[in-house]
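Shown next, in structure tokens, is the structure this report addresses.
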Amino acid sequence: MLSNHLTKYNIILASGSPRRQQFFKDLGIDFEVRLKPVNEVFPETLYSHEISDYLAELKSEPFLYELKDTDILITSDTIVWHQEKALGKPKDFKDAFQMLQAMSGQTHDVITSVCFTTKTTQKTVHSKTSVTFKSLTEAEITYYIETFKPYDKAGAYGIQEWIGHIGITHIEGSYFNVVGLPTHLVYETLNTIVTS
């Protein structure tokens, strides 16, 4: 089992997200949380998963000179890709409303990239899930934003919340990826790193 292989390693999760932290607990992985601020700006020339790959790797940079031989640093980033552009976290109510209205009755992609960094190596993987919303009414969008305040979520929604229950009609790919971490990929990649 993975947990047996990880006893020699110190897993560092550089994420303040309670959802991602819970996933690591659910996977049975011992970890510590370390946070460092990063200005999440990416070149405009990047497309689709290149954006989340870039940002996941960018988040590792403040840690590079302090990693020990047994450390494995894990950083990640999630974007919503819709109509050829990345939707990040909404700035305010208006921004969140516009995002959800744009995705109403449409299919979009949720892409999460995870970067694994050791003292000598770096590996980045990503997972893509296609999500389809029914046609949402303005009242439904307004109720969701006012009640759940999804300002910390890419694309202005959480699939595990009310809007997911009433609004999502189809999903293709990993559900957990949409919540914020492709757990199957994290497990598989960590296994590869510690057993190779």
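Laboratory data are not the source of any read-out in this text; all were calculated from the coordinates shown. Just so it is clear, the model here is predicted, and its values are computed rather than measured. A quick note on method: Cβ atoms are made from the backbone with ideal geometry, for glycine too, and the neighbour counts reach across all protein chains shown.
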Could you give me the ³J(HN,Hα) list for region 48-54, computed from phi with Karplus coefficients 6.51, -1.76, 1.60 and θ = phi - 60°, whole Hz, x at Gly and Pro? 6, 5, 4, 5, 5, 4, 4
What chymotrypsin sites (Phe, Trp or Tyr not before Pro) in region 26-98 are in a loop by DSSP, with at most 15 other Cβ atoms within 10 Å of the Cβ? 47
For region 61-180, give the magnitude of the charge dipole about the Cα centre (Cβ charges: +1 Lys/Arg, -1 Asp/Glu; no others), in debye to the nearest 20. 120
Relative contact order computed over the chain (Cα-Cα under 8 Å; 6+ residues apart), in percent: 22
Distance in nm between label sites at residue 161 and residue 40, each 7 Å beyond Cα in the beta-carbon direction? 1.5
